[in-house]
Ligand code: GUN
Ligand code: ZN
C-alpha cells in the first residue's frame, strides 16, 4: 500500500540486529531507535508541548479514543487536526484506541464489529469499530496511525489467542479500506498471536501480504516471562521486512529498550517513565531513585550529575524530596527528567551503533545499572 515515510538505515551492528536509522515522516525526521513518550490527553501529564520539544522529542504518542472524546472529531476537523490543536508541529503517532479501552475499562467487550464499552461520561454503550478508529485518526492527522487490533493479555492461553490473531487480520483489512489519507498518513499493522510462535508466524505471513508502511509487535509486556518475551521479539524481527521500521508496543523499561534494540526493534512507547515520576521515582543510569525516601532530605545533588535536563540543572534531590510528596510540580520536574533520561538513552544507543561499539555500550549499561546505588 501507499506510504508517507522514508526509512534510511545509516548503520548496522555487526554482532546483533541493532541498527541506526532516520525515519522521515510528514512532520520531520525521527532518529531511530526511538522512544516515543506518551501523551494520552494531547500532552504528557505535567508537561507542555513546548517542554517536550525542548527535550529533543521528535515524535509523541497520542490516544485516538481520548482525543475523540475531547476535543472530539468535529473540533479536530474544524481546526485542521491534532498538530494544530495542540501547537505541536513535530510527529504524532496515535494508537487505535481498542487496547486502551480493554486495559482502562474493565467493561469493554469485543465483538466482530469492534470494541464495545460504556462511555465513562454518561454510561451509554459505545462501539469503536476499525472504520471509526480510522476516521478519528484521519481527523487527528497522525503521521503514524495504528490499526484497531484485538489484544489479549500475554498470559492468556487457549483458543482466544488464535481468535484475536485472526480478528486482528480481518480488522487490518477493514482499516486499510477505511483509511482515507494514505498519501499523508502511515497505517501500521500490529502483529498478534500471544506467546505462540506458530500463531505469530501465521500472523506475520498474512500481514506482510497487506504491505503496510511499518509493522508493530503487539500483545507483549503484559507480565510474561522475559525469556518468552525475547523469543517472540526475536521471531518477529527475523520474519519482518528489514526495509521497514519495527515498533514494539508498550515497552519502556531501560533494560528492555537496550535488549530489544539488539533484537532488531526500532521504535518503542510506554507510559512508565511519566507514570513512575508521579510516584516520585527518578530514572538514572544506576537504577531508580525513590525521591520519597527520607535519605534525600539533605541530599543537595541533582538527580543525576551529568544530566542536562532543566530539573537537574536547577534543583536538588532535597528540594524534590520536599515537593514530590506534596506538590504536583515535583512530579512535573521528575517527569521532565525521566523523559530526558529515556531520550538520552536512545541517543546513546544510536550513537554507539553508528560508531560500531554497541556491544561495549550494552556491557557498560548493565554494569552501571546494577552498580551499588548512592
Ligand atoms: N499498546 C501496548 N500493546 C499494545 C497492543 O498490543 N495493541 C495496541 N493497539 N496498543 C498496544
Ligand atoms: Zn535530569
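How big is the gap, in Å, between the Cα center of region 265-299 and the Cα center of region 107-130?
Taking the Cα centre of region 107-130 as reference, the centre of region 265-299 is 34 Å away.
Which whole-number percentage describes the relative contact order of region 127-243, with Cα contacts under 8 Å and a sequence gap of 6 or more?
So the answer I get is 28 percent.
Take the alpha carbon atoms of region 150-170, find their center, do the same for region 312-363, and report the distance between the two centers in whole angstrom.
Their Cα centres are 36 Å away from one another.
Most exposed first by the Cβ proxy, i.e. fewest other Cβ within 10 Å, how do 191, 59, 110 rank?
Starting with the residue having the fewest Cβ neighbours, the order is 110, 59, 191.
Counting residues in region 292-360 as N, plug N into 2.2 N^0.38 Å and put the Cα Rg over that result.
Ratio of Rg to 2.2 N^0.38 Å for region 292-360: 1.34.
Normalise the Debye intensity by I(0) for region 11-144, one equal point scatterer per Cα, no solvent, then take log10 at q = 0.10, 0.20 Å⁻¹ and round to two decimals.
Each listed q corresponds, in turn, to -0.38, -1.14.
Find the centroid of the Cα atoms in region 221-254 and in region 52-97, then give the distance between the two in whole Å.
The two parts, judged by their Cα centres, are 26 Å apart.
Taking the chain as the reference, fit the longest principal axis to its C-alpha atoms, fit the long axis of helix 130-140 to the helix C-alpha atoms, and give the angle between the two in degrees, 0 to 90, nearest 10.
Relative to the chain, helix 130-140 is tipped by roughly 50 degrees.
May I ask what percent, to the nearest 5, of DSSP beta bridges between residues of the chain are antiparallel?
On the way: 22 of 46 bridges.
Close to 50 percent.
With springs only between Cα atoms under 10 Å apart, run a GNM on the chain and tell me which of 129, 234, 328 wobbles the most.
328
Students often check this: by mean Cβ neighbours within 10 Å, which of 47-54, 168-175 ranks highest, and how do the rest follow?
Going from most to least packed, we get 168-175, 47-54.
Take the chain, connect every pair of alpha-carbon atoms lying under 10 Å apart with a spring to form a Gaussian network, then pick out the residue of 298, 356, 77 with the largest mean-square fluctuation.
Its mean-square fluctuation being the largest, the pick is 298.
Relative to the present Cα-Cα distance, how much length would full extension add between residue 122 and residue 243 at 0.36 nm per residue of separation?
Gain in length upon complete extension: 39.0 nm.
Treating region 227-278 as a set of equal point scatterers at the Cα positions, no solvent, please give the Debye-formula log₁₀ I(q)/I(0) at q = 0.21, 0.23, 0.27 Å⁻¹.
Taking Cα atoms of region 227-278 as identical point scatterers yields -0.74, -0.85, -1.07.
So how tilted is helix 358-369 from the main axis of the chain? Cα-based, degrees 0 to 90, rounded to 10.
60
Add -39500 (n - 2.57) for each DSSP H run of 4 or more in the chain, then divide by its residues: what number comes out at 222 nm, to the nearest 500 deg cm²/dmol?
That calculation yields -12500 deg cm²/dmol at 222 nm.
Could you tell me the relative contact order of the chain? Use alpha-carbon pairs under 8 Å, at least six residues apart, and round to a whole percent.
Value for the chain: 18 percent.
Report the FRET efficiency, 1/(1 + (r/R0)^6), for residue 326 and residue 3, where r is their Cβ-Cβ distance and R0 is 35 Å, rounded to 0.05.
On the way: r = 49 Å, r/R0 = 1.39.
Using R0 = 35 Å, I get an efficiency of 0.10.
Averaged across orientations, what area in nm² does the convex hull of the alpha carbons in region 114-237 project?
Averaged projected area of region 114-237's Cα convex hull equals 8.3 nm².
In nm, to one decimal, how far is the modelled label at residue 348 from the one at residue 292, with both set 7 Å along Cα→Cβ?
Placing both labels 7 Å beyond Cα along the Cβ direction yields 2.7 nm.
By what distance, in whole Å, do the Cα atoms of the chain stretch along each of the three principal axes, largest value first?
Taking the Cα atoms of the chain, the three principal extents are 58, 51, 40 Å.
By how many nm would the segment from residue 16 to residue 226 lengthen if fully extended, with 0.36 nm per residue of separation less the alpha-carbon distance?
Roughly 73.8 nm would be gained on extension.
Region 335-374: Rg/Rh from Cα coordinates, Kirkwood Rh?
Across region 335-374, the Cα-based Rg/Rh ratio is 1.04.
Laboratory data are not the source of any read-out in this text; all were calculated from the coordinates shown. Predicted, not measured: the structure shown is a model, and the values here were computed from it. Backbone-built Cβ (ideal geometry, glycine too); neighbour counts: all protein chains shown.
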